[in-house]
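Working notes, structure below.
Just so it is clear, none of the values below were taken in a lab; they were calculated from the coordinates. The model shown is predicted, which means the values in this text are computed figures rather than measured ones. Every residue, glycine among them, receives a Cβ derived from its backbone with ideal geometry; neighbour counts consider all protein chains shown.
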Amino acid sequence: MNRLPVVSAQEWQTAREALLVKEKEHTRALDALAAERRRLPMVALDTGHEFTAPDGGTASLTDLFDGRRQLVIYHFMLAPGQDWTCGGCASFTDNIGDQSHLNARDTTLILMSPAPQDEIEVLRRRYGWTVPWYSTCDDGFYGELGLGDGFALTVLLRDGDEVFRTYGTTGRGVDRLRLDFNLLDMTPYGRQEEWEDSPDGWPQTPTMQWLLPRDQY
């Protein structure tokens with residue numbers, strides 16, 4: 001096994017403190033980005049969209065907020081009739097924990113897919129997921145947001161009966177929300193993907209290839 005240099009505890013502490021300076025700079029940069037994100041302009045959305053709720057009933061756009069002012073939607077890649085499970089979306093959903101603390105800040109998190117509820121229910125039961133998962137019912141909501149077939153994250157704000165889109169991201173923009181990725185980024189081997197700048201000989205595989213639904217490992 002290729003190994004990093006083995007040094008004394010004092011030498012390690014010196015190297016760690018040097019890295020900490022950069023980590024603090026990164027944290028302050030993230031804070032500055034968050035501040036800028038909070039000041040993005042908003043887009044008013046059509047509130048006439050209808051969705052199918054987990055219980056099979058009909059939900060309006062404002063219903064999705066569950067009485068709160070902020071809504072975070074993870075767009076799970078599940079199209080009608082899709083016969084495969086997206087490992088990235090499944091592993092993202094596995095990382096979603098209890099929402100009590102999120103709810104305490106007037107924020108709701110849900111999943112959303114174009115697939116009908118009977119197909120969503122298959123995955124919900126298979127993995128025991130409890131996060132609310134809505135179907136778009138092909139009503140044009142994705143079209144208004146400019147979303148395609150991929151995964152994405154959308155943030156909405158409700159002001160009374162009005163709803164606004166405030167933020168959206170996809171790809172690496174979703175990474176920082178995942179506990180598994182953030183923990184792996186702190187380990188010597190990292191995510192072990194080919195794009196990473198790692199020491200020679202470190203284990204690496206093609207990007208995202210290792211991510212599977214958890215019952216397929």
Applied in sequence order to the range 153-159, the curve 6.51 cos²θ - 1.76 cosθ + 1.60 (Karplus, θ = phi - 60°) yields integer Hz couplings, x standing for Gly and Pro, of 10, 10, 10, 10, 10, 10, 10
Full extension between residue 66 and residue 106 adds, at 0.36 nm per residue less the Cα distance, a length in nm of 13.4 nm
Computed over the chain, the relative contact order (Cα-Cα under 8 Å, seq sep at least six) in percent reads 24 percent
Magnitude of the Cβ-charge dipole (Lys and Arg +1, Asp and Glu -1) of the range 43-174 about the Cα centre, nearest 20 debye, reported as 560 debye
Taking only the alpha carbons of the range 1-102, the radius of gyration and the largest Cα-Cα distance, Dmax, both in angstrom, are 22.3, 65
Log10 I(q)/I(0) at q = 0.10, 0.16, 0.23 Å⁻¹ for the range 43-174, from Debye over equal alpha-carbon scatterers, is -0.28, -0.78, -1.77
Loop-resident trypsin sites (Lys or Arg not before Pro) in the range 14-67 with no more than 13 other Cβ atoms inside 10 Å, DSSP not H/G/I/E/B, are 38, 39
Descending packing, highest mean Cβ count within 10 Å first, for 140-149, 72-81 is 72-81, 140-149
Contact order relative to length for the range 80-184, counting C-alpha pairs under 8 Å separated by 6 or more residues, stands in percent at 21 percent
Counting sequence-distant residues (5 or more places) and residues on other chains, those with an amide H built under 5 Å from that of residue 109 are 72
Note, the range 78-89: 3J(HN,Hα) by Karplus (6.51, -1.76, 1.60, θ = phi - 60°), whole Hz, Gly/Pro = x, goes 8, 8, x, x, 5, 9, 9, 10, 5, x, x, 5
Per the 1/(1 + (r/R0)^6) rule, R0 = 30 Å and r from the Cβ atoms of residue 2 and residue 122, FRET efficiency to 0.05 is 0.10
